[in-house]
Amino acid sequence: MFLLNDNQFIFFSLLIVFFSMFFYAIERFSMVFKSIVILTFLLIFFSIFPYKNQDGINLLNPQTILSGFSNTSLITVISLLILGQGVVQTRVLNGFITNFLGFFSNNTKIIIFVTLFIVLFLSAFINNTPVVIIFIPIIQGIVKNLDYSMSKFLMPLSFAAILGGMITIVGSSTNLLVSNSLYNYAKIEISFFEFALPGSVIAIVGLFYLIFFSKILLKDRAPISNQLVDDSKNSFITKIVLNQGSSLIGKAIKDSNLKELGQAKILMIQRGEHAEHGPFYGFILEEGDILVVSISREQLTNILSQKIGSIETFEKDDQSDNQKNQIITEVMVTPSSSLVGNTIENVSFRYRYNCFVIGLQRKSKIITSHMSELALEPGDTLLIQGEKDSIKALRTQSDLLPMEWATSEISSKDISKKSIYIFLSVIFLGAFEVLPLVVAALMGVVFMIMFQVLSIRQVIRSVDNNLLLLIVTSLALGSVIQITGTANFLSQSLVDFLGDSSPLVLLLCFYMLVSITTNFISNNACAVLFTPIAIDIAEKINVDPKIFAIALIFAVNTSFVTPLAYQTNLLVMGPGHYKFIDYVKFGLPLTILCWVVFFITFPLFYQL
């Protein structure tokens, strides 16, 4: 063991933090690997150079450095991620959102505004990433038939989700981390809606910027046609039966589609022995009608989950009904398959593979009838439904090639309702402080499992290991700069540099410093590292530390300038065909706008 003086500890702490940020910025290694390396280095360094108090106790022992694994904010963030995954998995919001947007079907600008507003609102209560995942296909459906590129809308989608995170304490994981650190260091709590009003002002102003300037500042980098899911090459021909209780009964068809069916195109309608071909203007649907549609796998999964209709299989003697815990996937008929030249009905597909065919794709032909009597050809893609074990067993078959990346799970409508009830209950209990948020969130996870909304495996897969280890490492670095006095040194340096400036000037300079930094390192790391500095500055100038903590929350959420600044920015980068410069051109003005709104409104709300 070797002993260092206080100045040496401050120097090495700054060096460790700087190189940790640099290491995280390197794209060569995974986030998990980088976090483990940094944690291991901290454990080794402070074991060789212990930071001892007057009693000779090492204040940065392994228990302290690894205490982030038991941190309540980490547990809350992970639990909320799991709850958000439950909402996404059951597709409970998809039908509501699609139907709601249907009211504005004649006005594209209103649809875009309403969509981004819904994203902003949901992001105040649900983790941003699941919200963006939900809305990517919705945005695609909206702009598919418009003379616009997807690149005009996906970056605003990500930015709207980030802005929504400024409204409540659960809007972003960074908010929870700052709140937790503030309580640990100063025993001050931030309530659920503590900063909802100033956060809403910044978010709404930012939303109007996204709407009015996205068409000007964002280039048409993506093709006009849909690039992700609803491409023509992913369309299957299948039959949807309108059973009793279907929401389509009594509806009139406009052109060849209905808003309940999304972008699915109706090719033919079978009513008894009669077949109705298009055009279908004014055709009223009745119970028992069979719609022959061209539809994507994801759209069909949504229809089955919402019980808009059921599927007529390709085998006449198959009386199977939709069952729980079933999935839809795509398989390709191989060139050497024994199915080639045979029809689906003749080979008894249902009994041979324990799953049934519900759709057929053949690129060279449009098939509208007698699909069960069509001889299969090499390269045909079948859309099949079955239990997970049956789908898994297809891997051992040489007749079919499973496309495991093209798989969707059918959710029960009852389970979908349970997922949203559980999620809303957690938000209610946390918002009104009936239970501590971490307790309410954990209880919600238990109920998600108990009511079979999510399986244990799905819960485990919902945990983002990158985020988990990043937060733990950030908390460890935060402890280092707090305990060694590095935070006090930095805060004093900033106060000395600004001289006799007012508390408001110090706050605004601190906000700008954090806002710039958060675009180059993880916003979670930025939040944890700057919280002790914020508290020290506030104490030195006799300002409530909560004010600086809330300013820090707003600053770390201005992650607009680089794709690395926030995970939703990376999520839309590929589909939107964005370049790094696009984030600078569109994100920098938004960041400056947030600065201006903050500078004007924050002093009014907190009387600075």
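The values are calculated or read from the model by the stated rules, or taken from the named source; none is laboratory data. These numbers were taken from a predicted model, which means no experiment stands behind them. Virtual Cβ from ideal backbone geometry, glycine too; neighbours counted across all protein chains shown. For the accessible areas, the whole protein counts, side chains as well, though only heavy atoms, and no ligand, DNA or RNA atoms are used. Shrake-Rupley method; radii C 1.70, N 1.55, O 1.52, S 1.80 Å.
General remarks:
- Residue among Ile44, Ile26 that alone is open to solvent by 60 Å² or more (accessible area, probe 1.4 Å) and either more than 19 Å from Pro532 (Cβ to Cβ) or small (Gly, Ala, Ser) (or both): Ile44
- Residues (within 30 Å of Ser502 (Cβ to Cβ) and open to solvent by 20 Å² or more (accessible area, probe 1.4 Å)) located in segment 577-602: Leu588, Pro589, Ile592, Leu593, Trp595, Val596, Phe599, Ile600, Thr601
- Take the conditions (1) open to solvent by less than 40 Å² (accessible area, probe 1.4 Å); (2) at pLDDT 75 or above; Glu260 misses just one of them, which is (2).
- Taken together, Asp536, Asp496 contain a single residue that is open to solvent by less than 60 Å² (accessible area, probe 1.4 Å) and part of a helix (DSSP H, G or I), which is Asp536.
- For segment 440-459, the criterion of being of a type outside the set (Ser, Thr, Tyr), without any contact (Cβ under 8 Å) to a residue 60 or more places away in the chain and open to solvent by less than 10 Å² (accessible area, probe 1.4 Å) is satisfied by at least one residue.
- In the set Val434, Val438, Val445, only one residue is in a loop (DSSP other than H, G, I, E, B) and modelled with pLDDT of 85 or more; that residue is Val434.
- Selection from segment 306-356 of residues that are open to solvent by less than 10 Å² (accessible area, probe 1.4 Å), at pLDDT 75 or above and not in a loop (DSSP other than H, G, I, E, B): Ile328, Thr329, Val331, Val333, Phe349, Cys355, Phe356
- Test: Ile553 is crowded, with 16+ Cβ neighbours inside 10 Å, of a type in the set (Val, Ile, Thr) and modelled with pLDDT of 85 or more: yes
- Condition check for Ile415: of a type outside the set (S, T, N, Q), modelled with pLDDT of 80 or more and open to solvent by less than 20 Å² (accessible area, probe 1.4 Å): no
- Scan of segment 225-250 for residues that are open to solvent by 40 Å² or more (accessible area, probe 1.4 Å), within 17 Å of Ile295 (Cβ to Cβ) and modelled with pLDDT of 75 or more, ordered by number: Ser247
- For segment 47-92, a tally of residues being under 37 Å from the mean Cα position of the chain (by Cα) and either surrounded by 18 or more Cβ atoms within 10 Å (Cβ to Cβ) or in a helix (DSSP H, G or I) (or both) returns 31.
- Residue within segment 565-576 that is under 14 Å from Leu504 (Cβ atoms) and either open to solvent by 50 Å² or more (accessible area, probe 1.4 Å) or at pLDDT below 90 (or both) present: no
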